[in-house]
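Where a number appears in this text, it was derived from the coordinates with a stated rule and is not lab data. Please read these numbers as outputs of a predicted model, since none were measured by experiment. Quick reminder, even Gly has a Cβ in these numbers, built from the backbone with ideal geometry, and neighbours come from all protein chains shown.
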Amino acid sequence: MFTVGEFSRLAQVSKRLLRYYDEIDLLKPIQIDPLTGYRYYSAEQMSLLNRILALKDLGLSLDQIQRILRDNISTDEIQGMLLLKKAEIEQQLQGELKRIRNIESRLQSIRNTEAHKPLNVVIKNTPAQPVLSLRMIVETFEHGISLFGQIRKVLPEKNSYGLCFCICHDDDIVDRDMDLEMGRFIETQSHAPVPLVGDLQLCFRELPAVETMATIVVKGSLETIHTGYTEIGTWAEVNDYRFAGTPREICLQDALTADGSDLITEIQFPIAPIRN
């Protein structure tokens, strides 16, 4: 058996915490000396303490932990709870990392403006382009990324399929329930529908020609793409152009890094001159 101090050191928890768990009947000493009042713990109690600490770190209250211990929850069940908590934390971390990249890109955009950095906008005449695409309401950004993965899988690079593209048909910037069209450019003038998961399928259509398209290439994760739109907007105002259609985003290079910093996207925005 071990004294409170010894058990505390072995378990890497404070004596105060052990006393508190004793007071609330969560972890009682295995033996108390009737003469000295000294409390003793057993090595076998280490497993119970680890179970309590694991449940506490999963965010459960002490009352919840007491009920779970009475129900004698298994180690596998705790493992399942851990996996759910891990997924939740990872999702939160990804969200925070996106916020950080977004802040960094907006600060860079401010610096570019202050430094009077040249606007890298190129004007193009875009012919009608045959595509295989899917248009649907996408619940979340992550769902959209998943659909892009499916499209790349069913239309591999080694065949005669071109670049991937995305068109947001919403009138406003939204985080959920986005009206997106996603697909790939193709070289043929017709193509049979291509099934995806469930009832979804890619269908042939032709993106209309655009006489004057303002374009800019942006390197970096999708959180940085707003810098390209800012440059196009600034260029259009300076040069007396107005927007004349829905923009397109063309993936020139897929991201290979975890943070998406090597992603290369071309933004294409239809414009027309402002006539007095």
Can you give the Kirkwood hydrodynamic radius for segment 123-204, in Å, rounded to one decimal and based on Cα pairs? 13.5 Å
Give the distance, in whole Å, between the Cα centre of segment 132-188 and the Cα centre of segment 20-46. 61 Å
Kindly provide the helix-only [θ] at 222 nm of the chain, computed as the sum of -39,500 (n - 2.57) over DSSP H runs of four or more divided by all residues, to the nearest 500 deg cm²/dmol? -12500 deg cm²/dmol
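Relative contact order for the chain using alpha-carbon pairs under 8 Å, separation at least 6, rounded to a whole percent?
In percent, rounded to a whole number, it is 16.
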For the chain, what proportion of DSSP beta bridges, expressed in % and rounded to the nearest 5, is antiparallel? 100 percent
The answer for VAL138, listing residues at least 5 apart or on another chain whose modeled amide H is closer than 5 Å to its amide H, is MET178, ASP179, LEU180
Quick one: compute a quarter of the convex hull surface over the Cα atoms of the chain and quote it in nm². 23.1 nm²
Spelling out what I want: for every residue of segment 191-199, take phi, set θ = phi - 60°, compute 6.51 cos²θ - 1.76 cosθ + 1.60 (Karplus), and round to whole Hz; glycine and proline get x. 6, 5, x, 10, x, 10, 5, x, 8
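For the chain, which longest stretch is free of loop sites, where a loop site is one of the trypsin sites (Lys or Arg not before Pro) that DSSP puts outside H, G, I, E and B and that has at most 11 other Cβ atoms within 10 Å? Intermediate values should be presented prior to the final figure.
On the way: sites that count: LYS158, ARG176, ARG275.
Result for the longest clean stretch: 1-157.
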Among SER105, SER47, ILE68, the residue whose Cα sits farthest towards the positive end of the charge dipole of segment 30-114, when +1 is placed on the Cβ of each Lys and Arg and -1 on the Cβ of each Asp and Glu, is SER105
Which far-off residues, 5 or more places away or on another chain, put their amide H under 5 Å from the one on LEU163, with H placed in the peptide plane? PHE185
Which of the lysines could a cross-linker span from LYS28 if the Cα-Cα distance has to be under 21 Å and same-chain partners fewer than 8 positions apart are dropped? LYS15, LYS56
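So how many Å³ per residue does the convex hull of the Cα atoms of segment 122-273 work out to?
Looking at segment 122-273, the number lands at 113 Å³ per residue.
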Is the C-alpha gyration tensor of segment 41-106 telling us rounded, prolate or oblate? Criteria: a/c under 1.5 is rounded; beyond that, a/b larger than b/c is prolate, otherwise oblate. prolate
Residues whose built amide H sits under 5 Å from the amide H of LEU207, excluding neighbours closer than 5 in sequence, are GLN129, VAL131
Quick one: Karplus J couplings for segment 9-20, per residue in order, coefficients 6.51, -1.76, 1.60, θ = phi - 60°, nearest Hz, x for Gly and Pro? 5, 5, 8, 6, 10, 6, 5, 4, 5, 5, 5, 5
Can you work out ³J(HN,Hα) from phi for every residue in segment 161-170, in order, using Karplus 6.51 cos²θ - 1.76 cosθ + 1.60 and θ = phi - 60°, giving whole Hz and x for Gly and Pro? 10, x, 6, 7, 9, 9, 10, 9, 8, 5
